[in-house]
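The values are calculated or read from the model by the stated rules, or taken from the named source; none is laboratory data. All values derive from a computational prediction rather than experimental measurement. Cβ placement follows ideal geometry from the backbone for every residue including glycine, while neighbour counts extend to all protein chains displayed.
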Amino acid sequence: MRANTQGLRWLRATAYNVLAIGLGILAGLLVVVYAGGNLGVALSSLFLSPIELAGGSQQIFVRFVLFYTMGMGVGLALKAGLWNIGAQGQLLIGMVMVFVVYAFLAFLPWPVLYVAMILGAALGGLLWIAVPTILRVKFGANEIVVTILLNVVAINFAFFMLSGPIKSAGTALGFPHSVELPAKFQIPGIVSSVPITYAVPATIAMGIILYLVVERTPFRVKANTVGESHETAKYAGISIPRVMAVTMLTAGALAGLAGATYIMGYRYELDIGSFSTNYGLVAIICALVGRKHMLGIGLASFFFAYMTIGAESMALSANVTTYVVFAMEGIMMFGILLGNYLTERRYAG
Amino acid sequence: MYGTKRKGIASLVIALLVIILILFAVAAYAFAYPSTSTKTVTNTSTETVGTGTGTVTSTVTTTVTGSAAVSAIGALKVGIILPLTPDDHSWNYNAYNAINKIKNETGFTLSVAENKASGTDADTPAKQWAAEGYNVVIFMGGQYQAEANTFAGLYPKIMSVCVDCTVANYSNVYRIWLDLSGGGFVLGAMAGMVSKTHSFGLVGGGDIPSIWEGHEGFIAGVMYTSPATPTITNTFEAFAWADSTGAETTATNDYTNGADVVFSSGDGIDVGVLGAALAQPSTPQVWASNVYTNLTAILPADNKILLGSIVVDYYTPFFKALEQFVSNNWHWGYTKVDMASGLIAVQPGPNLPADVKAAGLALQSDIVEGTSIISFASDSSGAPYCFDNPHASSCADTTLTVPSGGGMPTGNMGALFSYLPPVSSLP
Amino acid sequence: MTVALSDVLIGVFSTTLQLSPFYLFAGMGEVVSEQSGVANMGLEGIMLMSLMTTFVVDYMTGNPWVALLAAIGVAGVIGAFFAFTAIRLRVDQIASGLAVYLIGLGLSFVIFNTVYPSGLTPNYIPLPPLITNWNTGPPALGIIFLKQNVMAYVSLVLVVVTAFFLTRTSLGLRVRAVGENPKAADNMGVNVNKVRFLATLFAALTFGVAGFYFAGNFVPGFQTDVIAGRGFIVLAMIYFANWKPYRVLFAALSFNIVYAAQSEFVSLSGFGVASISTLFNMLPYVFLLALIPIFGRKARAPKFLLKPYKKG
């Protein structure tokens, strides 16, 4: 009986999520139609362009890796009641660290340097979230506020690094620009005909590992308890600082790691185009849609990777600004929250 | 009881699946039978590339050839990639309105991708257009140079127009190169005459050769006409041409620090600098300039602060490129947009004293007629030497001496002049 | 470059007074709202919508006052919607705030682009400066005040009013009670959710004014992502000000003084190099962060901030 209710609850929640997503898509279509675009072309772009356009399917997997990696971190921290709004900043720092390691540890032999770049990015994200973590754990300072401030600092810092220490000489006419990573330092594709890099199975493997470590061990209960009530956690003897630190630092490391996969697996260089993205926010949405579950976030990430690419393509075909995708994401997020509310209301009694 | 709940959820899910299936069906239908999406844009562009009073004769080098070309152009599909949006009343505004004007005249299909900050961002819309059978992709900015060339290599039949690019690796890359030094020089000369504090600020959108050349022209102009040794503050904004708020703060600082003229080069920078100038109290008089768009048509008629606009004509080079495309002689195409070719002209601000305006236009006339040629020494990489070596002694921008009676000036300016008339001979 | 120190200081103070009201308007609203227990993370989305509305209505009517009303109206509608979902439906405030931000970010630009697709916008007509003649004091001092329009002074008055409201009026005390101990307040007969709703709505209206003020003082035209995170900074300021209006004033003024000073310094020093100025750009934010060890220890949020209240 209880399993039934849980299953029904999950089903209902998912149904609401789907409805919310449909609402967001509808809003986007409305904008397109109002702007004079052709509805058929818009739908075709939205649903089919990610697979039929050159490079589209590659982008799906790049974004899937990005959102899933960051989303797992956000979801983990959320379990403990902590919001990692700073994912975007940690992502940037991770991207910068890839090139810092590449430039300053260049004496290392190739395989070591390759791994060092990836680890360096994760370390960068971890260090960037270390400040909010310490401030939260030691001083009780609200991590949302600190991570927001650090996001802005991250953009400035990344720009400084890009214009100075990791700037590439001579190319691109003086636009701030890093070096382009040679093929040896890129994440290779698995099969040349399919646009999937090793980052994809690696991320899925990481997701499974995190699922086993977090969802299937007592850590899940610990984190959830801390997230729900500090008093209960204290009575239960759970070390709240430990849980908070572990979740936050992991979240930061994951966001930094996402930066490494994005650069080494897709972009191969850093320029200001990477600064104005909102991937951190989308990762938060994925964490919420995936209901903070390490595998659920994976499904949500894949969906949002597909959806954002399709929506951007739709906006372009209809000669509408790609900012409409932000509005769609916001409406979807809102719908998901409302759906959660309706589900809880039905089952909380 | 659980049965009804299950039924309720089941019907909900089924309904959703049905809706999704319907949407997919429509999408598949549209994919199989695509219809061209058209969008009518009504646009009234009120630019005049030209002059106030004066004796400038600018000859445009190409002309529209007959209706056959026009209808052939009308069948094209053109995409343009903009770094920002047309709201900057500058770079993007000018490009958008120029291509839109051609579209209104010929009826081709136009698609616009805005806010593409870098080459990688430009890749997605470019490839989407390639898949949709577009013929021409305009990359509006030097930051797209690498991408434009890569794209050109992948799609040899598509004309990759690269504006403000120095390198073309393939024959289907059509370069439109921009040289702002003439416009900067004319504005600088006028600024030197009209400034009371002999202190000048420059705010640039990015440390790139074409913007730098405009700055060098301005500095040379100031040095040329300023009766006292001028103080010059040259800033390139941190977040480049998008940072209008940063530009506004920088320009405000410049005015506070005593500058009464600020030269602005580009995009969002213009927005910020003009905002700063408009916000200054009306005395003492301050001035600001802008690039690419004729602001005298946009600012209110009684504005006092406009020194002048460097107006760039993109309509003509775009039209020429499209024309050459349809008549099949567009490979390795190249157009230089500068003052000498008549495609750049300075529109002096309405509030300038008449003699300052006349002097500026006389200098412009010299450049257009080829009497005075501006150039830059280039180094091995093809970029201007002083751009790569700003601290070299020959690039310090501190002296400019014109021989009496006119002639080739000497000094350590980045910009080199073949001839300049003596200042006293100007109107 | 030799510039008189007095000129530099005047410039810094002038910029500070020009920029701070934006943070003050939003700050006062958010203080009241958070004291009642509701935090609105979507404030930047509301500001963007109000900013867009300001420009569009100003272009259409040429009257900045009408634009102000329209901006407040738009903000009120969005705020009411947010308040309803956060208070009545009790959805997670942070998540819904972020959703409002995304919607505001996207929709503002979509609407602006639809109305003005080619960027062919008329000139923005700002509020005129309030003080046009400065005869009373040293002329240099006048520069600070000559540029400011009436809203700048209104924001300062608002700080005083808000502080008074929260500490001396019965409604203000009710607001704080609702945030500190809603159960007790409910027992005393206070309609907790209604008070929270009013506080959140008030906050949204102030965001509308802040969005209006941004136009013309920060940027003369609407562009993509023009507010660029400044709305979120207000949240940090409130935190470090320990939810006290006068301390928010201090935080806003000092943040902007640091910002103006570093910008002035970079201009004067003739660095001109983009990379160095980004380093200095970080200073105001690092400054706020540095306040944590000083004020953060004693920072005590309203006890029931972010916690929805259910009657009974």
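Residue-level check: of (1) under 28 Å from C:Ser118 (Cβ atoms); (2) touching a Lys or Arg at 6+ places or on another chain (Cβ under 7 Å), A:Gly75 misses just (1). The set of residues from segment B:202-211 being assigned to a helix (DSSP H, G or I) and facing another protein chain (nearest Cβ under 8 Å) comprises just one member, B:Pro209. A:Glu312 satisfies every condition listed in (1) touching a residue at least 40 places away in the same chain (Cβ under 8 Å); (2) under 17 Å from A:Val33 (Cα atoms) except (1). The set of residues in segment B:244-279 being within 9 Å of chain C (Cβ to nearest Cβ), buried (at least 24 other Cβ atoms within 10 Å of the Cβ) and either acidic (Asp, Glu) or part of a loop (DSSP other than H, G, I, E, B) (or both) consists of B:Glu248, B:Asp254. If only residues of segment B:125-173 that are among the hydroxyl-bearing types (Ser, Thr, Tyr) and crowded, with 23+ Cβ neighbours inside 10 Å are counted, the one that is farthest from the other protein chains (Cβ to nearest Cβ) is B:Ser160.
So that you can scan it fast, the table gives a plain yes or no per residue for (1) part of a helix (DSSP H, G or I); (2) crowded, with 24+ Cβ neighbours inside 10 Å; (3) at pLDDT 90 or above; (4) within 14 Å of chain C (Cβ to nearest Cβ):
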| residue | (1), (2), (3), (4) |
| --- | --- |
| B:Ile80 | no, yes, yes, yes |
| B:Asn92 | yes, yes, no, yes |
| B:Lys103 | yes, no, yes, yes |
| B:Asn115 | no, no, no, yes |
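You will find that of C:Ile125, C:Ile111, the residue that is more than 8 Å from chain B (Cβ to nearest Cβ) and outside any helix (DSSP H, G or I) is C:Ile125 and no other.
For B:Lys157, the test of being touching a Leu at 6+ places or on another chain (Cβ under 7 Å), of a type outside the set (Ser, Thr, Tyr) and over 30 Å from B:Phe218 (Cβ atoms) is failed. Give A:Gly89, A:Gly94, A:Gly37, A:Gly75 a once-over and let me know the one that is in contact (Cβ under 8 Å) with a residue 40 or more places away in the chain, not hydroxyl-bearing (Ser, Thr, Tyr) and not in a helix (DSSP H, G or I). Only one candidate passes the filter, namely A:Gly37. So in segment A:261-294, with the set limited to residues that are under 14 Å from the mean Cα position of the chain (by Cα) and aromatic (Phe, Trp, Tyr), which one is nearest to A:Glu215 (Cα to Cα)? In this case the residue turns out to be A:Tyr279. Could you check, for segment C:11-19, whether at least one of its residues is polar (S, T, N, Q), in contact with a helix residue (DSSP H, G or I) (Cβ under 6 Å, 6 or more places away or on another chain), surrounded by 23 or more Cβ atoms within 10 Å (Cβ to Cβ) and modelled with pLDDT of 90 or more? Scanning segment C:11-19 turns up no residue that is polar (S, T, N, Q), in contact with a helix residue (DSSP H, G or I) (Cβ under 6 Å, 6 or more places away or on another chain), surrounded by 23 or more Cβ atoms within 10 Å (Cβ to Cβ) and modelled with pLDDT of 90 or more.
One line per residue, one yes/no per condition, for (1) over 25 Å from C:Ala163 (Cα atoms); (2) away from chain A (no Cβ under 14 Å):
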{"site": "C:Leu17", "(1), (2)": "no, yes"}
{"site": "C:Gly27", "(1), (2)": "no, no"}
{"site": "C:Glu44", "(1), (2)": "no, no"}
{"site": "C:Met60", "(1), (2)": "yes, yes"}
{"site": "C:Gly73", "(1), (2)": "no, yes"}
{"site": "C:Gly76", "(1), (2)": "no, yes"}
{"site": "C:Thr85", "(1), (2)": "yes, no"}
{"site": "C:Gly97", "(1), (2)": "yes, no"}
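Would a scan of segment B:247-270 turn up a residue that is touching a strand residue (DSSP E or B) at 6+ places or on another chain (Cβ under 6 Å), of a type in the set (Ser, Thr, Tyr), over 15 Å from B:Leu187 (Cα atoms) and in contact (Cβ under 8 Å) with a residue 24 or more places away in the chain? Yes, segment B:247-270 has at least one match. Of all residues in segment A:261-274, none are in a helix (DSSP H, G or I), within 30 Å of B:Thr109 (Cβ to Cβ), within 14 Å of chain C (Cβ to nearest Cβ) and in contact (Cβ under 8 Å) with a residue 12 or more places away in the chain.
Residue count for segment C:238-275, restricted to those that are at the interface with chain A (Cβ under 9 Å from one of its Cβ atoms) and modelled with pLDDT of 75 or more: 3.
Might you let me know whether segment A:60-75 holds any residue that is under 19 Å from A:Ser313 (Cβ atoms), within 14 Å of chain B (Cβ to nearest Cβ) and surrounded by fewer than 18 Cβ atoms within 10 Å (Cβ to Cβ)? No, that holds for no residue.
Is it fair to say C:Phe265 is within 30 Å of C:Arg90 (Cα to Cα) and either touching a residue at least 24 places away in the same chain (Cβ under 8 Å) or assigned to a helix (DSSP H, G or I) (or both)? Criteria not met by C:Phe265.
Selection of segment A:324-348 for residues being over 14 Å from A:Gly24 (Cβ atoms) and within 8 Å of chain C (Cβ to nearest Cβ) yields A:Asn340, A:Tyr341.
Matching residues to (1) part of a helix (DSSP H, G or I); (2) buried (at least 21 other Cβ atoms within 10 Å of the Cβ); (3) in contact with a helix residue (DSSP H, G or I) (Cβ under 8 Å, 6 or more places away or on another chain):
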{"residue": "A:Pro195", "(1), (2), (3)": "no, no, yes"}
{"residue": "A:Tyr211", "(1), (2), (3)": "yes, no, yes"}
{"residue": "A:Val226", "(1), (2), (3)": "yes, yes, yes"}
{"residue": "A:Ile238", "(1), (2), (3)": "no, no, yes"}
{"residue": "A:Pro241", "(1), (2), (3)": "yes, no, yes"}
